[in-house]
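Undergrad: Got a structure for you, written out below as structure tokens; questions coming shortly.
The values are calculated or read from the model by the stated rules, or taken from the named source; none is laboratory data. Only a predicted model underlies this, so the values are computations on that prediction, with no experimental measurement involved. Don't worry about glycine lacking a Cβ; one is built from the backbone with ideal geometry, like all the others, and counts go over all protein chains shown.
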Amino acid sequence: MTSKETITTGDLEITVGHTDRSAQVCLRGRLDIESSPALRDRLLGILQSDPPRSLVVELSEVPYIDCSGIATLIEALKAARNSGTVLRLHGLHDRLLHLFDATGVLALFGSTEDAKALSVSRAV
């Protein structure tokens, strides 16, 4: 990564890294109604200024997501598609993977098999 910055809001730490063509947002902590507005601002800021070709949201250190967190990720996906950016979720695990799969949200971001492979590869 050529640049990296971290902010903490409530129980969520958001670290954003950029290269010329991509961005990665690593989350640590709870993504809920208190922390999702800060994540929304960061994601939309990345996608509106000079959109990268790809944006990865790393969720391996997120133990909990509520409906506002899911809505934030869906809003970011819509903005990414509008800007021509490929948005991927990485590190979905256990309860989060089940929640995204059971609600059909996982299908919006890619296939269940891709997410499960990512989950398994993170555990190795």
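Undergrad: If I filter the stretch 46-55 down to residues being out of contact with any Leu (no Cβ under 8 Å at 6 or more places or on another chain) and either of a type in the set (A, V, I, L, M, F, W, C) or touching a residue at least 24 places away in the same chain (Cβ under 8 Å) (or both), which single residue comes out as surrounded by the most Cβ atoms within 10 Å (Cβ to Cβ)?
TA: 52
Undergrad: Can you confirm whether residue 60 is at pLDDT 95 or above, in contact with a Gly (Cβ under 9 Å, 6 or more places away or on another chain) and over 21 Å from residue 106 (Cβ atoms)?
TA: no
Undergrad: For residues that are under 12 Å from the mean Cα position of the chain (by Cα) and of a type in the set (D, E, K, R), scanning just the stretch 35-91, find the one that is nearest to residue 7 (Cα to Cα).
TA: Looking at residues that are under 12 Å from the mean Cα position of the chain (by Cα) and of a type in the set (D, E, K, R), I get 42.
Undergrad: Continuing with this model, one more query. Among the numbered conditions (1) surrounded by 14 or more Cβ atoms within 10 Å (Cβ to Cβ); (2) modelled with pLDDT of 90 or more; (3) farther than 24 Å from residue 7 by Cα, tell me where residue 116 comes up short.
TA: The number of the failed condition is (2).
Undergrad: Moving on to the next point. Of everything in the stretch 18-34, what is farther than 12 Å from residue 54 by Cβ and among the small types (Gly, Ala, Ser)? Give them in sequence order.
TA: Within the stretch 18-34, 29 is the sole residue that qualifies.
Undergrad: In addition: Could you tell me how many of the residues in the stretch 33-51 are out of contact with any helix residue (DSSP H, G or I) (no Cβ under 6 Å at 6 or more places or on another chain), part of a loop (DSSP other than H, G, I, E, B) and modelled with pLDDT of 95 or more?
TA: Going through the stretch 33-51 one residue at a time, the tally reaches 2.
Undergrad: Being surrounded by fewer than 18 Cβ atoms within 10 Å (Cβ to Cβ) and over 17 Å from residue 61 (Cα atoms) is the filter here, so list the residues in the stretch 19-37 that pass it.
TA: Within the stretch 19-37, 19, 20, 21, 22, 33, 34, 37 meet the criteria.
Undergrad: Could you tell me whether residue 56 is in contact with a His (Cβ under 7 Å, 6 or more places away or on another chain) and more than 17 Å from residue 11 (Cα to Cα)?
TA: Spelling it out, residue 56 is indeed in contact with a His (Cβ under 7 Å, 6 or more places away or on another chain) and more than 17 Å from residue 11 (Cα to Cα).
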